Amino acid sequence: MSEQPRIEMRTGQVASRLLPAGRYAVTVYTGVDNGVPATRQFLDWIAAQGEQPIAHASEQGEVFQARYETFLLDDRTEPDRQRWMIEVAIQVHDRCQPTARSLT
């Protein structure tokens, strides 16, 4: 299996990379301060669906292979952070893993 291409550009504290292809579970929550509880509920929901995020343990906690957030409202048009809508996507394992089989 070949290494996924990685592009990284840094500006201050923001990094940009290519996300790996695959399946993602996606949710939207409202209010910046709701991020931690919303993510916990989202992870519980993912597990309840029989899915599993692609992640590994580290000293700082669980590290997801691919997770991203998209702010769906512009702070220039909606200054109230509690009204901002944030989409979160976490990569989950593929359901169907290809297996080798004989063609004879």
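See the values below:
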| quantity | calculated |
| --- | --- |
| Gain on full stretching of the segment that runs from Asp75 to Leu19 - 0.36 nm per residue minus C-alpha separation | 17.7 nm |
| Sequence of Val63, Val88, Val32 once ranked by neighbouring C-beta atoms within 10 Å, starting from the fewest | Val63, Val32, Val88 |
| Electrostatic dipole magnitude of the stretch 18-92 [Cβ: Lys, Arg +1; Asp, Glu -1; Cα centre; debye, to 20] | 140 debye |
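Only the coordinates and a few stated rules stand behind these numbers; no lab work does. On a predicted model such as this, the values are computed, not experimentally measured, just so you know. A quick note on method: Cβ atoms are made from the backbone with ideal geometry, for glycine too, and the neighbour counts reach across all protein chains shown.
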